Amino acid sequence: MARYNSPNTSTKNAEVPIDESILQSLAPAGCILELNLKARMLSLLSTDPPHILAQQQFTKNEWSIFITLLVSYPHYAPHEVLLAGLTSLSSTDCRKRLQEAEHLGSKELKRELKPVHRALCGIRAKLFDFSPYLKISLIRDIGYTLTSSSE
């Protein structure tokens, strides 16, 4: 089981476990996914014969969001949890900020979520280049989830 140090202050210095079976369930048949936590790199490896098929390196914000999605898999990651991963706020504080922004209107809510959307845009582009099987899906007004298709 890989361990990732969470940037979120509510779990400061806490390690978040990432189950290896999650990585394997997201990989296409005959392949495995491997994380290099120090380098913030995702690798797609073929098992027969063993070789690297693809690699992507992520920015700090992209990596934080990606790891949060992995930890949440197969469930979704709420907006407040994704935002908390990018800020020094707890998910509870982020939830309050998002609720206040929602009351002020959609423009204010978009402004609050802009760092999350920017990171997701980068992750989606990198995942598209990395493997067409791995995607991030929106769950409207709730959050995002990591999905995999074997097509």
Of the residues Ser72, Leu42, Asn61, the Cα lying farthest along the dipole of the chain towards its positive end, which is defined by charges on the beta carbon of Lys, Arg, Asp and Glu, belongs to Asn61
The FRET efficiency for Asp141 and Asp19, from their Cβ-Cβ distance with R0 = 30 Å and rounded to 0.05, is 0.60
Length-normalised contact order of the chain, Cα under 8 Å, at least 6 apart, in percent, tallies to 22 percent
Student exercise, the chain dipole from Lys, Arg, Asp, Glu Cβ charges, in Debye to nearest 20: 560 debye
In deg cm²/dmol and to the nearest 500, what is the mean residue ellipticity at 222 nm of the chain if only DSSP H runs of at least 4 residues count, each as -39500 (n - 2.57), divided by the residue total? -14000 deg cm²/dmol
When His51, His75 are ranked with the fewest other C-beta atoms within 10 Å first, the list becomes His51, His75
Taking the alpha-carbon distance from Lys114 and a cut-off under 19 Å, which lysines remain once sequence neighbours fewer than 8 residues away in the same chain are dropped? Lys60, Lys96, Lys126
Quick check on the exposure proxy: order Arg140, Arg97 from fewest to most C-beta atoms within 10 angstrom. Arg140, Arg97
Pairing the Cα long axis of helix 106-130 with the longest principal axis of the chain, what angle in degrees results, from 0 to 90 and rounded to the nearest 10? 10 degrees
If we count other beta carbons within 10 Å of each Cβ, what is the order of Cys121, Cys94, fewest first? Cys121, Cys94
Most positive-pole-ward Cα, Ser148, Leu33, Gly105, against dipole of the chain from beta carbon charges: Gly105
Stokes-Einstein, Kirkwood over Cα pairs, region 93-151, 25 °C, 0.890 mPa s; D in µm²/s equals 191 µm²/s
Which entry is the computed Cα extents along the principal axes in Å for this structure: [x] 64, 48, 21; [y] 55, 34, 23; [z] 39, 30, 26? [y]
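Here, each number is a calculation from the coordinates, and none is a lab measurement. Since the structure is predicted, the reported quantities are computational estimates derived from the model, not experimental observations. Methodologically, a virtual Cβ is constructed for each residue, glycine included, from the backbone with ideal geometry; neighbour enumeration extends over all protein chains shown.
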